[in-house]
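Participant: This is the structure I want to talk about, given as structure tokens.
Coordinate-derived values only; no laboratory data. Quick caveat: nothing in here was measured; it's all calculated off a predicted structure. Here Cβ is always computed from backbone atoms with ideal geometry, including for glycine, and neighbour counts include all displayed protein chains.
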Amino acid sequence: MIDQPTIDRILDAANIVDVVSEFVTLRKRGINYVGLCPFHSDKSPSFYVSPSKNICKCFACGEGGTAVHFIMKHEQLSYFDALRFLAKKYNIEIQERELTEKEKQIRSDRESMLIVNSWAGQYFSTLLHEHVEGKSVGMRYFAERGLREDIIRKFQLGYSLDQRDALYKTAIKAGYKKEFLEKTGLG
């Protein structure tokens, strides 16, 4: 794991204009820079880079963030891989340390909870689109509020049955641990 002082040095060195301009042609506009967004088909410049705030933002699709977030999204890297990418760019030697057993357990538990959460989201979405009650009650509810099918799918909306423990029982049958269901508030 990359130690915190190294992370701080990388974050301090990462200049948003410098990082983004490797991938996007930027033009100065006032105190900011502007270019075509690399995250969607852009016909007119909507991607702004603010050197004073050290952030970027597309005002068409909403993508943006710090230099690390930009690299994560653009290069499809994890947080730590994006830090390594920037460390290499700025010639910063990475100081790594081994995780303690407790840190490894915390990381493993967190990953397990993310998996359970993802499964639960898919469970509710499946109920909405495939269960008789989900189709009749849930989809009607969303339609009455003007939500289109593409929006429902994009934001992964779902439906919960009236049975209070339906998710819990289905998760246990699917092999998910009670401990992680409870830690995520699903059990």
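Participant: So which chymotrypsin sites (Phe, Trp or Tyr not before Pro) in region 132-186 end up in coil per DSSP with only 14 or fewer other C-beta atoms within 10 Å? Don't skip to the answer; put the middle values down first.
Facilitator: Values: sites: Tyr141, Phe142, Phe155, Tyr159, Tyr168, Tyr176, Phe180; in loops: Phe155, Tyr159, Tyr176.
Loop-located and lightly packed - Phe155.
Participant: Further question on the same structure: If we count other beta carbons within 10 Å of each Cβ, what is the order of Val132, Val20, Val34, fewest first?
Facilitator: Numbers: Val132 8, Val20 23, Val34 18.
Listed from fewest to most nearby Cβ atoms, that is Val132, Val34, Val20.
Participant: Expressed as an acute angle from 0 to 90° and rounded to the nearest 10, what is the orientation of the C-alpha long axis of helix 79-89 relative to the principal long axis of the chain?
Facilitator: Helix 79-89 and the main axis of the chain meet at about 10 degrees.
Participant: Label Val17 and Glu179 with points 7 Å out from Cα along Cα→Cβ: what is the distance between them in nm?
Facilitator: Result: 5.1 nm between the two label points.
Participant: Can you work out ³J(HN,Hα) from phi for every residue in region 135-147, in order, using Karplus 6.51 cos²θ - 1.76 cosθ + 1.60 and θ = phi - 60°, giving whole Hz and x for Gly and Pro?
Facilitator: Rounded to whole hertz, the list is 5, 7, 7, x, 5, 5, 4, 5, 4, 4, 9, x, 8.
Participant: Separate question: Determine ³J(HN,Hα), in whole Hz, for all residues of region 95-105 in sequence, where each value follows from phi through the Karplus function 6.51 cos²θ - 1.76 cosθ + 1.60 and θ = phi - 60°; x replaces Gly and Pro.
Facilitator: Result, ordered by residue: 9, 10, 9, 6, 6, 6, 4, 5, 5, 5, 5 Hz.
Participant: Separate question: Taking only DSSP H segments of four or more residues, each worth -39500 (n - 2.57), what value at 222 nm results for the chain once the sum is divided by all its residues, to the nearest 500 deg cm²/dmol? The partial results should precede the final answer.
Facilitator: Numbers: 9 runs with 91 residues, N = 187.
Mean residue ellipticity, 222 nm, calculated: -14500 deg cm²/dmol.
Participant: From the cross-link list Lys102/Lys173; Lys53/Lys89; Lys104/Lys178; Lys43/Lys73; Lys102/Lys178; Lys104/Lys183, which pairs have alpha carbons spaced over 23 Å apart?
Facilitator: Working: Lys102/Lys173 29 Å; Lys53/Lys89 21 Å; Lys104/Lys178 20 Å; Lys43/Lys73 20 Å; Lys102/Lys178 21 Å; Lys104/Lys183 17 Å.
Listed pairs above 23 Å: Lys102/Lys173.
Participant: Does a label point 7 Å from the Cα of Asp109, set along Cα-to-beta-carbon, have any residues of region 163-187 with amide nitrogen under 19 Å, and which are they?
Facilitator: Only 176-187 fall inside the zone, counting backbone N under 19 Å.
Participant: Taking Cα atoms, how many degrees apart are the long axis of helix 4-13 and the longest axis of the chain, rounded to 10 and kept between 0 and 90?
Facilitator: 60 degrees
Participant: Mind checking which aspartates and glutamates have their Cα closer than 17 Å to the Cα of Lys177? Skip sequence neighbours fewer than 8 apart in that chain.
Facilitator: Lys177 reaches Asp109, Glu111, Asp165.
Participant: Around Leu147, with a cut-off of 12 angstrom between Cβ atoms, what is the net charge of the other residues, counting Lys and Arg +1 and Asp and Glu -1?
Facilitator: Details: positive: Arg140, Arg145, Arg148, Arg153, Lys154; negative: Glu144, Glu149, Asp150.
Once positives and negatives cancel, what remains is +2.
Participant: Here is a further query. Please work out which option in (i) -0.66, -0.98, -1.03; (ii) -0.49, -0.86, -1.02; (iii) -0.41, -0.77, -0.97 gives log10 I(q)/I(0) by the Debye sum over Cα atoms at q = 0.10, 0.14, 0.16 Å⁻¹ calculated from these coordinates, and answer with its label.
Facilitator: Derived directly from the coordinates: (i).
Participant: Using the crude model of +1 on Lys and Arg Cβ and -1 on Asp and Glu Cβ, and no other charge, please compute the dipole size for the chain relative to its Cα centre, in debye to 20. Working shown, then result.
Facilitator: On the way: 28 positive and 25 negative charges, 105 e Å.
For this selection, approximately 500 debye.
Participant: Tell me which aspartates and glutamates have Cα within less than 17 Å of Lys88's Cα, excluding those fewer than 8 residues away on the same chain?
Facilitator: Filter leaves Asp3, Asp8, Asp12, Asp18, Glu22, Glu75, Glu96.
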